[in-house]
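Student: After the structure tokens below, expect a handful of questions from me.
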Amino acid sequence: MPKGIRPTQDKIRKALFDILGDIAGLSFLELFAGSGAVGFEAASRGVRELTLVEYNSSCQLAIRKNISSLKLKSCSLYPEEADQAIKSFFQGKAVFDIIFFDPPYYKGLAKKTLQTLGAYDILAPNGLLIVQHFKKDSLPETEGDLILFRQSRYGDTQLSFYRKKDSI
């Protein structure tokens, strides 16, 4: 585990995957991956493809070690800022069934990243986008083609779930 990060707590990770249900065969993108724990949990639940985006070099090192020790074949690490990665995925016409992100708190990154995802459509037509954020950070009901349809709170942490408007 890299120093200086706030990993997703076990209870929140469990709740997230209980809500998601069967994700086997889907593609999973984790932005602000940190240690990659959420993405690795998705891999253990059978996702077809795992994509991790993390800019911090010590976090990248930890992720690479974990990819190697877990012997993950369909896992890619993109060592860049989340907003730049989103734009690159969009330009490359990549789409993901599930997009999860848990940016550092108190920096406005949850809302900013959601705006970028609203502008650069990389979510599959029936996909889910999940934002883990501080409970007092208010996120918009809609952003681009995305609409908020569920929120769950766990102490100071909130999970906000978005889908495309035409998939509801």
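Student: Right, Ile63: over 24 Å from Ser138 (Cα atoms), in a loop (DSSP other than H, G, I, E, B) and β-branched (Val, Ile, Thr) or not? Full working, then the answer.
Tutor: Details: over 24 Å from Ser138 (Cα atoms): yes; in a loop (DSSP other than H, G, I, E, B): no; β-branched (Val, Ile, Thr): yes.
In short, no.
Student: Looking at (1) of a type outside the set (Val, Ile, Thr); (2) part of a loop (DSSP other than H, G, I, E, B); (3) in contact with an Asp or Glu (Cβ under 8 Å, 6 or more places away or on another chain), which is the one condition that is false for Ala94?
Tutor: All conditions are met except number (3).
Student: Out of segment 125-140, which residues are of a type outside the set (D, E, K, R), over 14 Å from the mean Cα position of the chain (by Cα) and either closer than 17 Å to Val95 by Cβ or not in a strand (DSSP E or B) (or both)?
Tutor: Taking segment 125-140 as the starting set, the residues that turn out to be of a type outside the set (D, E, K, R) are 125-134, 138-140.
Imposing the further condition that a residue be over 14 Å from the mean Cα position of the chain (by Cα) reduces the set to 125-126, 134, 138-140.
Pro125, Asn126, Ser138, Leu139, Pro140, listed by residue number.
Student: Take segment 23-49 and flag every residue that is hydrophobic (A, V, I, L, M, F, W, C), open to solvent by less than 40 Å² (accessible area, probe 1.4 Å), more than 11 Å from Phe100 (Cα to Cα) and touching a Gly at 6+ places or on another chain (Cβ under 8 Å).
Tutor: Residues of segment 23-49 that are hydrophobic (A, V, I, L, M, F, W, C), as a first pass: 23-24, 26, 28-29, 31-33, 37-38, 40, 42-43, 47.
Retained after the next criterion (residues that are open to solvent by less than 40 Å² (accessible area, probe 1.4 Å)): 23, 28-29, 31, 33, 37-38, 40, 42-43, 47.
Those left that are additionally more than 11 Å from Phe100 (Cα to Cα): 23, 37, 40, 43, 47.
Once the filter is applied, which keeps residues that are hydrophobic (A, V, I, L, M, F, W, C), open to solvent by less than 40 Å² (accessible area, probe 1.4 Å), more than 11 Å from Phe100 (Cα to Cα) and touching a Gly at 6+ places or on another chain (Cβ under 8 Å), segment 23-49 yields Ile23, Val47.
Student: Among the residues of segment 136-159, is there at least one that is among the aliphatic types (A, V, I, L, M) and modelled with pLDDT under 90? If you could, list the steps in order and put the result at the bottom.
Tutor: Initially, segment 136-159 is screened for residues among the aliphatic types (A, V, I, L, M), giving 139, 146-148, 159.
Then keep just the ones that are modelled with pLDDT under 90; that gives none.
For segment 136-159, residues among the aliphatic types (A, V, I, L, M) and modelled with pLDDT under 90: absent.
Student: Continuing with this model, one more query. Any idea which residue in segment 105-124 is nearest to Gly92 (Cα to Cα), counting only those that are of a type in the set (Gly, Ala, Ser) and within 15 Å of the chain's Cα centre (by Cα)?
Tutor: Within segment 105-124, the first condition is being of a type in the set (Gly, Ala, Ser), and the residues that meet it are 108, 110, 118-119, 124.
Then keep just the ones that are within 15 Å of the chain's Cα centre (by Cα); that gives 110, 118, 124.
Numbers: Ala110: 23, Gly118: 17, Ala124: 14 Å.
Taking the candidates together, the pick is Ala124.
Student: What are the residue pairs meeting all of these: first residue in segment 1-22, first residue open to solvent by less than 50 Å² (accessible area, probe 1.4 Å), second residue at pLDDT 65 or above and acidic (Asp, Glu), Cβ atoms under 8 Å, and 6 or more apart or on different chains?
Tutor: Hits for this filter: Thr8/Asp102; Arg13/Glu41; Phe17/Glu41.
Student: Looking only at segment 84-131, which residues are open to solvent by less than 70 Å² (accessible area, probe 1.4 Å), hydroxyl-bearing (Ser, Thr, Tyr) and at pLDDT below 95?
Tutor: If the condition is that a residue be open to solvent by less than 70 Å² (accessible area, probe 1.4 Å), hydroxyl-bearing (Ser, Thr, Tyr) and at pLDDT below 95, then Tyr105 is the only one that fits.
The values are calculated or read from the model by the stated rules, or taken from the named source; none is laboratory data. The structure presented is a predicted model; accordingly, all values stated were derived computationally and were not measured. Because the Cβ atoms are built from the backbone with ideal geometry, glycine has one as well, and the counts that use them run over all protein chains shown. Keep in mind that these areas ignore ligands, DNA and RNA; they rest on the heavy atoms of the full protein, side chains included. Shrake-Rupley method; radii C 1.70, N 1.55, O 1.52, S 1.80 Å.
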